[in-house]
Amino acid sequence: MTPEKWNIVFILADDLGWNQVGYHGTGYYETPNIDRISAEGISFSNAYSANPVCSPTRGSIMTGKNSARLHLTNYIPGSPYPHAMLTTPTMAECLPMEEFTLAELMKANGYVTGHFGKWHLSPDKNYVPGRPFDPASQGFDDIFTSVKPEPDADPAADAHHAVEITERTLKFIEENKDKPFFAWVSHHVVHRPIMEEESLIAKYAAKPGSEDPVNNPIMGAMIETMDKGIGQIIDMLEELELTERTIVIFYSDNGGYEQLQDQAPFRGGKAMVFEGGIKVPLAIKWPGVVAAGAKNDELVISDDFFPTLADILDFEKLPEDIDGISLLPVLEGNGNLERNTLYFHYPHYHHQGFKPAGAIHEGDYKLIEWFEQSISGEGKAYDLYNLAMDPGEKNDLSELMPEKVIEMADRLQQWRKDVGAQEMDLNEAYLPEKADWRNMDSMD
């Protein structure tokens with residue numbers, strides 16, 4: 001029997017790599033409950049985040065609009081780099097109040113809404129109940145906000161709030177079991193600073209492969225704690241006889257942090273538009289609709305969640321400038337997405353030394369534009385990869401296929417114009433010897 005309204009539990013990990021879930025093949029990280037979502041639902045092998053860092057992707061999930069359109073293209077508040085070669089755009093300081101959010105969509109359809117964990121869409125993290133830009137002003141009823149731990153936090157004291165996030169979610173579900181609910185379960189795992197209880201870290205340090213760059217014992221411990229909480233949520237849905245009335249989504253906001261854990265088989269990591277920075281795990285469990293164990297390799301992006309959930313709710317009054325598309329045909333197993341292109345825009349310098357770039361993924365090919373070179377006219381501005389043959393982006397084809405480069409570059413630039421993306425420009429204050437200084441205080 002189909003429920004009148006589906007409950008929705010959206011679980012979002014932070015900086016979790018594509019290769020850190022069991023259903024993608026890892027034998028090191030233990031994610032039995034995340035894997036259960038995949039086994040009882042559908043997994044997407046080509047799911048992407050709209051941006052290689054957190055705030056922009058979260059904004060795209062909340063609105064269905066690409067981060068380039070939102071002018072929210074870096075983590076909040078970002079870094080200015082006053083003496084870099086290119087000027088950094090003055091981006092939005094938060095998710096604008098005029099945007100119609102996913103939580104507001106749910107409330108408009110009679111749902112009670114809960115936010116538990118990381119927000120990072122306000123001008124700062126000094127959250128106050130009812131303050132503009134904080135969760136309460138963006139459509140959430142029941143709210144617990146948390147931030148990542150300080151480096152000297154006690155690892156044994158639930159430093160990343162994974163246990164507390166779970167407990168608050170369980171309480172919310174139990175209290176609202178007789179109402180349609182939307183639970184936004186937003187973890188800090190596995191964001192830096194990485195830390196966890198010592199005995200759990202020791203378990204992973206003793207496992208075979210712990211010295212492999214793709215495996216990090218501390219992250220293994222952190223992921224196990226998060227996964228255990230996810231299992232508790234799934235079990236409570238079962239105990240309350242809500243399983244058959246609840247959609248469960250698991251996703252990560254961007255790729256993993258390469259300096260702490262290799263993203264193999266992909267290149268790069270967080271803050272880079274290489275696959276390691278934007279390709280993420282996605283699994284959706286929808287009892288009675290999605291075939292158990294289904295797998296899909298179509299291109300999916302974080303912009304798609306908003307229109308998908310609106311489609312499930314039969315909500316038709318969406319903003320006209322939505323960038324995502326509904327995944328309903330794929331979820332219901334009766335159609336394709338009819339999409340072969342995704343776009344990415346990261347016009348910022350990153351404190352790990354990563355350079356501003358954009359990308360277009362079209363069919364088997366992916367073109368990366370390096371903004372310093374394309375804007376200055378000096379140096380090699382484009383990389384071209386055949387992802388079907390070279391998922392690790394090791395073999396640059398740009399010199400072998402110049403016409404393909406021109407065609408894809410033109411489409412990427414036209415897309416930026418179409419969405420009103422903020423562009424970079426040459427910086428009159430450029431000083432090569434100070435280019436990597438993050439702010440004016442660096443000169444003191």
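The values are calculated or read from the model by the stated rules, or taken from the named source; none is laboratory data. Keep in mind that this is a model prediction, so the values were computed, not measured. For neighbour counting, all protein chains shown are included, and Cβ atoms are generated from backbone atoms with ideal geometry for every residue, glycine included.
Per-structure values
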read-out: Enumeration of residues in the range 408-431 that are in contact (Cβ under 8 Å) with a residue 40 or more places away in the chain and more than 25 Å from Tyr343 (Cβ to Cβ); value: Ala429, Tyr430, Leu431
read-out: Scope the range 300-340; condition part of a loop (DSSP other than H, G, I, E, B), touching a residue at least 24 places away in the same chain (Cβ under 8 Å) and within 24 Å of Ser45 (Cβ to Cβ); matching residues; value: Asp323, Gly324, Leu327, Gly333, Asn336, Leu337, Arg339, Asn340
read-out: Qualifying position, being in the same structural domain as Val280 (by TED's automatic domain parsing) and in contact with a strand residue (DSSP E or B) (Cβ under 8 Å, 6 or more places away or on another chain), among Leu318, Leu328, Leu309, Leu313; value: Leu309
read-out: Which listed residue is farther than 17 Å from Pro52 by Cα and either in contact with a strand residue (DSSP E or B) (Cβ under 6 Å, 6 or more places away or on another chain) or in contact (Cβ under 8 Å) with a residue 24 or more places away in the chain (or both), from Leu387, Leu367; value: Leu387
read-out: Residues that are over 14 Å from Thr88 (Cβ atoms) and among the charged types (D, E, K, R), drawn from the range 415-440; value: Arg416, Lys417, Asp418, Glu433, Lys434
read-out: Subset of the range 121-136 (residues that are surrounded by fewer than 22 Cβ atoms within 10 Å (Cβ to Cβ), under 22 Å from the mean Cα position of the chain (by Cα) and not acidic (Asp, Glu)); value: Pro123, Lys125, Tyr127, Phe133, Ala136
read-out: Residues of the range 389-423 satisfying the condition of being of a type in the set (Asp, Glu) and either in contact with a Ser or Thr (Cβ under 8 Å, 6 or more places away or on another chain) or on the phi > 0 side of the Ramachandran plot (or both); value: Glu393
read-out: Single residue of Asn296, Asn336 found to be surrounded by 18 or more Cβ atoms within 10 Å (Cβ to Cβ) and not β-branched (Val, Ile, Thr); value: Asn296
read-out: Of all residues in the range 264-286 being part of a loop (DSSP other than H, G, I, E, B) and in contact with a Lys or Arg (Cβ under 8 Å, 6 or more places away or on another chain), the one that is surrounded by the fewest Cβ atoms within 10 Å (Cβ to Cβ); value: Arg267
read-out: Residue list for the range 379-404, filter: hydrophobic (A, V, I, L, M, F, W, C) and either not in a strand (DSSP E or B) or not assigned by TED's automatic domain parsing to the domain that holds Gly363 (or both); value: Ala381, Leu387, Ala388, Met389, Leu397, Leu400, Met401
read-out: Unique match (being touching a residue at least 40 places away in the same chain (Cβ under 8 Å) and either closer than 23 Å to Asp418 by Cα or in contact with a His (Cβ under 8 Å, 6 or more places away or on another chain) (or both)) among Tyr23, Tyr75, Tyr29; value: Tyr75
read-out: Residues satisfying the stated conditions in the range 171-190, i.e. out of contact with any Gly (no Cβ under 6 Å at 6 or more places or on another chain), crowded, with 19+ Cβ neighbours inside 10 Å and in a helix (DSSP H, G or I); value: Ile173
read-out: Number of the condition not met by Ala359 [criteria: (1) more than 17 Å from Met408 (Cα to Cα); (2) in contact (Cβ under 8 Å) with a residue 24 or more places away in the chain; (3) crowded, with 19+ Cβ neighbours inside 10 Å]; value: (1)
read-out: The range 236-256 - residue that is assigned to a helix (DSSP H, G or I) and touching a residue at least 24 places away in the same chain (Cβ under 8 Å) and, of those, surrounded by the fewest Cβ atoms within 10 Å (Cβ to Cβ); value: Glu244
read-out: Residue satisfying condition, being under 24 Å from Asp14 (Cα atoms) and not small (Gly, Ala, Ser), within set Leu86, Leu102; value: Leu102
read-out: Total residues in the range 93-119, condition touching a helix residue (DSSP H, G or I) at 6+ places or on another chain (Cβ under 6 Å), in a loop (DSSP other than H, G, I, E, B) and crowded, with 21+ Cβ neighbours inside 10 Å; value: 3
